[in-house]
1. When both residues are 6+ apart or on different chains and their Cβ atoms are under 8 Å apart, which pairs have a first residue that lies in the range 47-76 and is over 20 Å from residue 256 (Cα atoms), and a second that is assigned to a helix (DSSP H, G or I) and small (Gly, Ala, Ser)?
2. Any residue at all in the range 213-226 that is aliphatic (A, V, I, L, M), part of a helix (DSSP H, G or I) and in contact with a helix residue (DSSP H, G or I) (Cβ under 6 Å, 6 or more places away or on another chain)?
3. Quick test of your reading of the structure: residue 254 fulfils all but one of (1) within 16 Å of ligand 2 (Cβ to nearest atom); (2) small (Gly, Ala, Ser); (3) in a helix (DSSP H, G or I). Name the failing condition by number.
4. Need at least 2 residues that are among the hydroxyl-bearing types (Ser, Thr, Tyr) and farther than 30 Å from residue 327 by Cβ per element, so show me which strands (runs of 3 or more DSSP E) inside the range 1-107 make the cut, counting only ones lying wholly within it.
5. Pick from the range 185-198 the residues that are within 15 Å of ligand 2 (Cβ to nearest atom) and not hydrophobic (A, V, I, L, M, F, W, C): which of them is surrounded by the fewest Cβ atoms within 10 Å (Cβ to Cβ)?
6. Only residues that are within 19 Å of residue 200 (Cβ to Cβ) and of a type in the set (Lys, Arg): list them for the range 38-77, please.
7. Any idea which of (1) within 16 Å of ligand 1 (Cβ to nearest atom); (2) touching a residue at least 60 places away in the same chain (Cβ under 8 Å); (3) in contact with a Gly (Cβ under 8 Å, 6 or more places away or on another chain) is the one residue 175 doesn't satisfy?
8. Taking the stated definitions as given, is residue 139 over 19 Å from the mean Cα position of the chain (by Cα) and part of a strand (DSSP E or B)?
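The values are calculated or read from the model by the stated rules, or taken from the named source; none is laboratory data. What you see is a predicted model, and the numbers here were worked out from it, not measured in a lab. Here Cβ is always computed from backbone atoms with ideal geometry, including for glycine, and neighbour counts include all displayed protein chains.
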Amino acid sequence: MIQAPRGTKDVLPQESAAWQRMEAVMRDVCRLAGYREVRTPVIEHTELFQRGVGDTTDVVQKEMYTFEDKGGRSITLKPEGTAGTARLFIEHGLFNEPLPLKAYYLYCPVFRYEAPQSGRLREHHQFGVEVFGAKEPTIDVEVIRLAMDVIERLGGKNLRLFINSIGCPTCRARYTDALRDFLRPKLTKLCPTCQGRFEKNPMRILDCKDPGCKAEIVGAPSILEYLCNDCAAHFARVKELLTVAGVPYEVDPGIVRGLDYYTKTVFEIMYPLENGQLFTACGGGRYDGLVESVGGPSVPGIGFGMGMERLLMALSSSGAAETESSPLRVYVASMGQAALDEAFRLTRLMRLSGIPCDMDHAGRSLKAQFKYAGKLGPEYVVVIGEDELKENKYRLRDMRSREETLLSQEELLCRLSGAEK
Ligand SMILES: [Zn+2]
Ligand SMILES: [Zn+2]
């Protein structure tokens, strides 16, 4: 028995309706705010992520699926959605179009080689938005509000927003000096990966999942005390606009996000599960240096990513996801060859009229067809037998009221499409 690779997840027929509802909400929220969909390939050149995500990050150092293709090129299955979108933006010269460019992606497969015991998927799917060419704090708050709108429209309640600013290269240089001074006496107690990060990117140490490293960073200096005037003013304005938008927030200087490209605003949206635990539904931030670092012009950007599997799981565990309804509105039951031919013709006709319907494809008896229909749960069953054929009529049974009506083809189609919900 061949099983799916560890850390991957199938979407079963009975689950896909919930996925599609979630996707419809995401599309609608984006459409209302002027975002358009983009799709990028599953594979990219490894260098894109080394330069775009940062080669001192956990993602790039430990979690990427990288291989050499037959042409000897280093190829990586995308570990996040932003770098590929930035590459698309540059490669197609979209920076020459009126900016900002507001883009979103949906059901974007993302691959990370996570430890299986962590409960995280190695392949999951992300919904995300990316905005290129907008430097003002209004877009930071629009993007945050948009992520929250999606979760709330899907039934999520009591969201908590955590924000931080991680500054720009100017103020971060002063901060990393202070951080190095704090960490230098503890250096030997850090994990080997963090020891390697100490010179190149000590902020990554704040993000290490190693419990030993987590203990050593307690009491580390806060970036917020080192922001330059520009970054401090930007952060103050973001907080002001959140208040204008009526969004409660908490400042958490511990949020650095796991990727190198972030500048200024970073945020996480948490969702309380039934057991009281907080679940990170969404993380994102501003990345003013990203486009330039992967070979494009200097264009500011901001975005977020939202893991779709985890969101759906959180929503259903808190009862926010709706239950699945029957995929069919009508089932056509028939008895005998001539009636089966008629059923075949009628289902096609109903589908052309926009009525979801099906018929027997398994050679069942009439009784077994009714039993099967009972399990599917359609609103109506159309019965075609010898009598109905002779009269050139269809017997329509309302499965809730059990009422039966004899109807001509025209009457049947009229009634079923007119009563369309
Ligand atoms: Zn700054
Ligand atoms: Zn570490």
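1. Listed by first residue and then by second, the contacts come to 48/83; 48/84.
2. So far as the range 213-226 goes, yes, one or more of its residues are aliphatic (A, V, I, L, M), part of a helix (DSSP H, G or I) and in contact with a helix residue (DSSP H, G or I) (Cβ under 6 Å, 6 or more places away or on another chain).
3. (3)
4. Once the strands (runs of 3 or more DSSP E) in the range 1-107 are filtered for at least 2 residues that are among the hydroxyl-bearing types (Ser, Thr, Tyr) and farther than 30 Å from residue 327 by Cβ, what remains is 65-68, 74-77.
5. Looking at residues that are within 15 Å of ligand 2 (Cβ to nearest atom) and not hydrophobic (A, V, I, L, M, F, W, C), I get 188.
6. Residues satisfying the conditions are 51, 62.
7. (2)
8. No; evaluated as a whole, the condition is false for this residue.
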